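**Student:** Okay, handing you the structure first.
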Amino acid sequence: MSKTTVIIGIVVLVVVIAAIALLMGGGQEDTTTTQQTTQTTQQTTQAEAKEYKMSIVVGPQSPWGQAAKMWAEEVEKMTNGKVKIKIYYAGQLFAGKQTNEFQLLSQGVADFAIGSTINWSPVIKELNLFTLPFFFPEGTKKGDIYRAVDALEEGETGKMIFKILEEKGVIGLAWGENGFRQLTNWKHPVKTPDDLKDLKIRVVGSPIFIDTFKALGADPTQMNWGDALTAFQQRAVDGQENPINIVIIPYKIYEFHKYITVWDYAIDPLIFAVNKKTWESFDEETKKIIMEAAKKAARWEKAMARVGLDDGTALKILQEEFNYTPNITDPIAYLQEKGMEFTFLTDADREAFKERVASVYQKWVPIIGEDLVKTALQDIRNALGIEVSIPYEFQS
Ligand code: X2X
C-alpha cells in the first residue's frame, strides 16, 4: 500500500464520518431548510395549476360516474386548464364509508362531489325528505312522478335545501338523479308487504332505511356499497334496493337477483356540489363556468337516470340536446332479457305498503321539519294539481 493510498483512505474515512454525523444530528437544520424549500416550490406550482378533488360513491361504469367526468372535463376545457379536477371514484376519498362524504366535502377534503342525498342525510336531516316512503305520487299519467320530483327541486323546497347546505359549508349547483329505488331479491316476487317477511335486505347506512324496512316487516341490514356486491354474490343478504339505470344495470344486479319490484318507494336525487371555501376562491368568470358545466352534466345525467322509465322526455333530451342515444333505451326489456322477472305495483298495491309505514312518518317528519315537508307538498300540488296525503298529522 503506497503512502498516497493511505492518505486517500483517511480522507474518505473522515468525509464518511462527517457525513454520518451530519445525518444523525448536526445536519437537522439543513434538512429542515431543504424541506421548507421543497414545500414552497410545491405551493407555488399548486397555485399555478391547483388540482381539485371530486368525490363519487360509484364507479365510471355508471352514468353517475360518467357525469363526473363530463363535468370535470368541461371545467378544465373552459378554464384553459386552470381548474383541474381529479375524480376519486368508488368512495376512494372516504375509504368506502359513504355517509362520511358530506363531512369531507364541507371540510374541504373533497372540493367537489356529486353526492346522493341519501349518503348526506345522516348529516343533513332535511334530505331524508326524499326517502319518506311512498311520498311521491304516481299521478295520473306516465312521467308525473318525475314532474313531482322536478317541481320540488326547482321550487321552494330545492331553494330551502340549498340554503341549508350552504350554512354547512357546501354550495349546491345542480340536481342530478340516482333515481327511484326499486327492490330486487333472489328468492321470490314481492307484491305485498307480507312478501317481505323472509327477506334480509341490504340498505344504505342511513337510519330512515332501517326504520322503513322494519316497519314493512323485512330484515334490513346496513352495508356500504363497496361491500354490497360480494354480499349479494354470497347471498349474505337476499335483496337490496337501488335505481334501475344508474345502479342495477351498470352493476349487473341481474346476475344475483331474479326478482324486481317497481314500487318507486323513494327517490334519490344527486347534488352537484362544491365546498364553500373552494367556491369563494374562484373569480366570477370561473364560477360561471363551473356552474354551467354542472348544470349541463346534471341535465344529461338526470335524463340517463330516467330514459325508458318516464314518458319519453328523457330520451328526447338526450337526443335533441346532446345528440346522444344511449345503448339501452328500454331498460325494462333489457333486464327481462337478462332473466329478471318484474312486478309492477298499482296505486292500490302501493297504498298497502304506505299504510305500514305510518311510524316512519311519525318519527321522521319532525326530524326533517314540518315546514319543509309542507313546502314539498305545496310544490307537488302546484306542479300536478294533486293533493298528496301522508300518514302524518301536522302539529303546527
Ligand atoms: O349505496 C347505494 O345504494 C347507492 C349506490 O345507491 C348510494 O350511494 C346511495
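Read-outs: derived from the displayed coordinates by stated rules, not from any lab. None of these values were measured; they are calculated from a predicted model. Positions of Cβ are generated from backbone atoms using ideal geometry, with glycine treated the same way; all protein chains shown enter the neighbour counts.
**Student:** Inspect all residues belonging to the range 281-290 and state whether any of them is surrounded by 22 or more Cβ atoms within 10 Å (Cβ to Cβ) and either assigned to a strand (DSSP E or B) or at positive phi (or both).
**Tutor:** Of all residues in the range 281-290, those surrounded by 22 or more Cβ atoms within 10 Å (Cβ to Cβ) come to 290.
Adding the requirement that they be either assigned to a strand (DSSP E or B) or at positive phi (or both) leaves none.
No, the range 281-290 contains no residue that is surrounded by 22 or more Cβ atoms within 10 Å (Cβ to Cβ) and either assigned to a strand (DSSP E or B) or at positive phi (or both).
**Student:** Taking the condition within 16 Å of the ligand (Cβ to nearest atom), of a type in the set (V, I, T) and over 30 Å from E292 (Cα atoms), does I210 pass?
**Tutor:** On the way: within 16 Å of the ligand (Cβ to nearest atom): yes; of a type in the set (V, I, T): yes; over 30 Å from E292 (Cα atoms): yes.
Considered against the rule, which asks whether it is within 16 Å of the ligand (Cβ to nearest atom), of a type in the set (V, I, T) and over 30 Å from E292 (Cα atoms), I210 comes out as yes.
**Student:** Does K296 meet the test of being part of a helix (DSSP H, G or I), surrounded by 17 or more Cβ atoms within 10 Å (Cβ to Cβ) and within 23 Å of the chain's Cα centre (by Cα)?
**Tutor:** Yes, satisfied.
**Student:** So, in the range 332-355, exactly how many residues are in contact with a helix residue (DSSP H, G or I) (Cβ under 7 Å, 6 or more places away or on another chain), in a helix (DSSP H, G or I) and surrounded by fewer than 18 Cβ atoms within 10 Å (Cβ to Cβ)? Spell out how you get there, then give the answer.
**Tutor:** Within the range 332-355, the first condition is being in contact with a helix residue (DSSP H, G or I) (Cβ under 7 Å, 6 or more places away or on another chain), and the residues that meet it are 335, 338-340, 342, 352-353.
From what is left, the residues that are in a helix (DSSP H, G or I) are 335, 352-353.
With surrounded by fewer than 18 Cβ atoms within 10 Å (Cβ to Cβ) added as a condition, the list becomes 352.
So the count comes out to 1.
**Student:** Select from the range 370-391 the residues that are aliphatic (A, V, I, L, M) and part of a loop (DSSP other than H, G, I, E, B) and write down the one among them that is nearest to V360 (Cα to Cα). First the steps, then the outcome.
**Tutor:** Of the range 370-391, the ones aliphatic (A, V, I, L, M) are 372-373, 376-377, 380, 383-384, 386, 388, 390.
Applying the additional criterion that residues be part of a loop (DSSP other than H, G, I, E, B) yields 386, 388, 390.
Working: I386: 22, V388: 17, I390: 11 Å.
Step by step, filter the range 370-391, then rank; the result is I390.
Quick grid of which residues meet (1) buried (at least 22 other Cβ atoms within 10 Å of the Cβ); (2) outside any strand (DSSP E or B):
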position	(1), (2)
H188	no, yes
R202	yes, no
I208	yes, yes
D227	no, yes
A236	no, yes
F272	yes, no
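**Student:** Write out, first by first residue and then by second, each pair whose Cβ atoms fall under 9 Å of each other, whose residues are 6+ apart or on separate chains, and whose first residue, in the range 90-104, is at positive phi while the second is within 12 Å of the ligand (Cβ to nearest atom) and of a type in the set (D, E).
**Tutor:** G91/E101; G96/D227
**Student:** Would you pick out the residues in the range 92-126 that are within 12 Å of the ligand (Cβ to nearest atom) and part of a loop (DSSP other than H, G, I, E, B)?
**Tutor:** Listed by number, the residues that qualify are G96, K97, S121, P122.
**Student:** For the range 320-330, check the following and say yes or no: at least one residue is outside any loop (DSSP other than H, G, I, E, B) and buried (at least 18 other Cβ atoms within 10 Å of the Cβ).
**Tutor:** no
**Student:** From Q240, Q222, grab the single residue that is within 12 Å of the ligand (Cβ to nearest atom), closer than 30 Å to T157 by Cβ and surrounded by fewer than 20 Cβ atoms within 10 Å (Cβ to Cβ).
**Tutor:** Only one candidate passes the filter, namely Q222.
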